[in-house]
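Take a look at the structure set out below.
The values are calculated or read from the model by the stated rules, or taken from the named source; none is laboratory data. This one's a predicted model, so the numbers in the text were calculated from it and none came from an experiment. Quick reminder, even Gly has a Cβ in these numbers, built from the backbone with ideal geometry, and neighbours come from all protein chains shown.
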Amino acid sequence: MKARQKRLILVVAGVALLGGAVALVLSAFQQNLVFFHTPTEVAEGKAPQGRTFRIGGMVEGGSIKRDADGITVRFAITDTARSIPVAYKGPLPDLFKEGKGAVVQGALGADGQFAATEVLAKHDENYMPPEAQDAIDKAHKTASTVSQ
Amino acid sequence: MNWQSMSDFWSMGGAAFFVWGSYGVTFALIALELVVVLRRRKQVVHRLQRLRQAMKASARRKESQE
Amino acid sequence: MESGQRFSLFRYAAPNVFYPLAGRLAPWFAAAAVAFALVGLYLGFFVAPTDAVQGEVYRVIFIHVPAAWMSMFIYLIMAFWSAIGVVFNTRLSAMMTQALAPTGAMFCFVALWTGALWGRPTWGAYWVWDARLTSQLLLLFLYFGFMALTRAIEDPRRADKAGAILALVGAVNVPVIYFSVKWWNTLHQGASVSLTKAPSMATTMLMAMLVMALASWAYTIAVVLWRVRSLILERERHTDWVGEVLEAKGAQA
């Protein structure tokens, strides 16, 4: 009976200690576990300097433009507070749309332009049929016209 | 109903490779796991039965020697 | 009085009692798994509507999420049995842990595989090193590590101990996987179903996913019970009751 209680305490203490250690390690490496930075962080100079990194946010409405060469795409990525202009050459994922989430990888130029080498679409955890989506969009529109 | 026809169903709105690739591999793995587990059971029973018979035989031999 | 209580609690932990019980229960769980899977697939492909954003490819969710849930649950159950085994020295708990591991690894691989096939058409990449995907990959390695470790050690008691330690240590990874989408910026979306908020899915989609989750539960129970029966026979081969089981089997054949 005594031995069993001892082993129980050992197991509980071991797992608790380990959990604590992992929590410490994770919070210490917080920076490296972040997959992308927000446009605000980038604008405030909190993004890593001198190496490529990712920016995540929303593709700003009405910002997608194609250059005359037909390959280069320019758009702005925003977190509603700040917005970063991005230039990109290459294929875009199907879900890449204005007003939807995206993550771009690349480097920030001296002119404040972000030269992207990869563009990923980020979708949310909402799943619904098109009719429901239409109804929500309509409701949003009426709400915004009413408030104006 | 989501589908107009059989071919409409199989094409999955152009995502056939991704959808059927997911379902196909999943069910193949499940089938494989079941085969492995049931065959392992047969092998274990067979091996232990032979082991038991061998032990019995050696015990009998010992008895007859005494 | 205390010994009487313990008797009832530990009765089914005795391998000779559990072995026939597992044999009787497994077919029922297998039948339930088939039934749930048929209903789930019907709901998933014929009742659940097309997704507004993703189109048809979202239907991968009906195996991706249940498989990912299972892969995390199974590891936690392994850790639970390991703790029981270390504390109470029960023989059956280590066998249960070892019977669970291959199925957990299978579901973990399925979650990663279906996730890759889902990610390519939606995100634009099969794989990214974000916190969710990386910690799930670590879980797969923990499963493989557990299976390799327990098989590499000859002495079963030492193998059980080593496996129990790895199962308990590795369990720390499970909450990291689950909360990774909250704690860090990840490409992976948040949870659609959680205890803290209403599900963010259309009802028919949610039903299909939950029925598929029930199917994977039933399947896991059935296949693990079958696997543990083989393990019990091997481990207990020197006992009289296994001898009787083998005799009965031999008479049948």
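For the stretch C:190-211, a residue qualifies if it is crowded, with 18+ Cβ neighbours inside 10 Å, within 19 Å of C:Leu112 (Cβ to Cβ) and facing chain A (nearest Cβ under 7 Å), and exactly one does: C:Ser192. Residues in the stretch C:104-148 that are assigned to a helix (DSSP H, G or I), more than 7 Å from every other protein chain (Cβ to nearest Cβ) and hydroxyl-bearing (Ser, Thr, Tyr): C:Thr134, C:Ser135, C:Tyr143.
Evaluated against (1) loosely packed, with under 14 Cβ neighbours inside 10 Å; (2) out of contact with any Asp or Glu (no Cβ under 8 Å at 6 or more places or on another chain), A:Gly56 falls short on exactly one condition, (1).
Restricting attention to the stretch B:9-23, which residues are facing chain C (nearest Cβ under 8 Å) and of a type in the set (Ser, Thr, Tyr)? Once the filter is applied, which keeps residues that are facing chain C (nearest Cβ under 8 Å) and of a type in the set (Ser, Thr, Tyr), the stretch B:9-23 yields B:Ser22, B:Tyr23.
For the stretch A:115-135, filtered to residues that are within 13 Å of chain C (Cβ to nearest Cβ), part of a strand (DSSP E or B) and of a type in the set (A, V, I, L, M, F, W, C), the residue that is farthest from A:Thr52 (Cα to Cα) is A:Ala121.
Here A:Leu108 qualifies as surrounded by 12 or more Cβ atoms within 10 Å (Cβ to Cβ), under 19 Å from the mean Cα position of the chain (by Cα) and away from every other protein chain (no Cβ under 14 Å). The single condition among (1) over 18 Å from the mean Cα position of the chain (by Cα); (2) within 9 Å of another protein chain (Cβ to nearest Cβ); (3) over 18 Å from C:Leu246 (Cα atoms) that B:Leu48 does not satisfy is (3).
Among the listed residues C:Arg151, C:Arg229, C:Arg237, identify the single one that is among the charged types (D, E, K, R), more than 9 Å from chain A (Cβ to nearest Cβ) and touching a residue at least 12 places away in the same chain (Cβ under 8 Å). Selected residue: C:Arg229, the only one of C:Arg151, C:Arg229, C:Arg237 that is among the charged types (D, E, K, R), more than 9 Å from chain A (Cβ to nearest Cβ) and touching a residue at least 12 places away in the same chain (Cβ under 8 Å). Every listed requirement among (1) surrounded by 23 or more Cβ atoms within 10 Å (Cβ to Cβ); (2) in contact with a Leu (Cβ under 6 Å, 6 or more places away or on another chain) is met by C:Arg59 save one, (2).
C:Tyr75 - would you say it is within 14 Å of chain A (Cβ to nearest Cβ), touching a strand residue (DSSP E or B) at 6+ places or on another chain (Cβ under 6 Å) and either crowded, with 21+ Cβ neighbours inside 10 Å or at pLDDT below 95 (or both)?
Values: within 14 Å of chain A (Cβ to nearest Cβ): yes; touching a strand residue (DSSP E or B) at 6+ places or on another chain (Cβ under 6 Å): no; either crowded, with 21+ Cβ neighbours inside 10 Å or at pLDDT below 95 (or both): yes.
Answer is no for this residue.
Mind checking whether some residue in the stretch A:117-132 is exposed (fewer than 15 other Cβ atoms within 10 Å of the Cβ) and modelled with pLDDT of 85 or more? Yes - at least one qualifying residue is present in the stretch A:117-132.
With respect to the conditions (1) assigned to a helix (DSSP H, G or I); (2) of a type in the set (S, T, N, Q); (3) farther than 20 Å from C:Phe109 by Cβ, B:Ser22 falls short on a single one, namely (3).
Among residues of the stretch C:189-217 that are free of Cβ contacts under 8 Å to residues at least 24 places away in the same chain, those with a beta-carbon under 6 Å from a residue that is in a helix (DSSP H, G or I) and crowded, with 17+ Cβ neighbours inside 10 Å at least six positions away or on a different chain give the pairs C:Gly190/C:Val181; C:Pro199/C:Leu206.
Restricting attention to the stretch A:24-55, and to residues there that are facing another protein chain (nearest Cβ under 9 Å) and modelled with pLDDT of 75 or more, which single residue is farthest from C:Thr134 (Cα to Cα)? Checking each candidate, the answer is A:Thr38. I'd like the full set of residues that are of a type in the set (Phe, Trp, Tyr), facing another protein chain (nearest Cβ under 9 Å) and part of a helix (DSSP H, G or I), limited to the stretch C:176-189. Across the stretch C:176-189, the qualifying residue is only C:Trp183. Examine the stretch A:64-81 for a residue that is in contact (Cβ under 8 Å) with a residue 12 or more places away in the chain, in contact with a strand residue (DSSP E or B) (Cβ under 8 Å, 6 or more places away or on another chain), among the aromatic types (Phe, Trp, Tyr) and within 21 Å of C:Asn185 (Cα to Cα), and state whether such a residue exists. No, there is no match, as no residue in the stretch A:64-81 is in contact (Cβ under 8 Å) with a residue 12 or more places away in the chain, in contact with a strand residue (DSSP E or B) (Cβ under 8 Å, 6 or more places away or on another chain), among the aromatic types (Phe, Trp, Tyr) and within 21 Å of C:Asn185 (Cα to Cα). Looking only at the stretch C:20-72, residues that are under 17 Å from the mean Cα position of the chain (by Cα), within 23 Å of C:Gly119 (Cβ to Cβ) and either more than 13 Å from every other protein chain (Cβ to nearest Cβ) or not aliphatic (A, V, I, L, M) (or both) come to 6 in all. B:Trp3 satisfies every condition listed in (1) more than 9 Å from chain C (Cβ to nearest Cβ); (2) part of a loop (DSSP other than H, G, I, E, B); (3) of a type outside the set (Val, Ile, Thr) except (1).
Residues in the stretch C:152-168 that are surrounded by fewer than 17 Cβ atoms within 10 Å (Cβ to Cβ), in a helix (DSSP H, G or I) and either within 19 Å of the chain's Cα centre (by Cα) or among the β-branched types (Val, Ile, Thr) (or both): C:Ile165 only.
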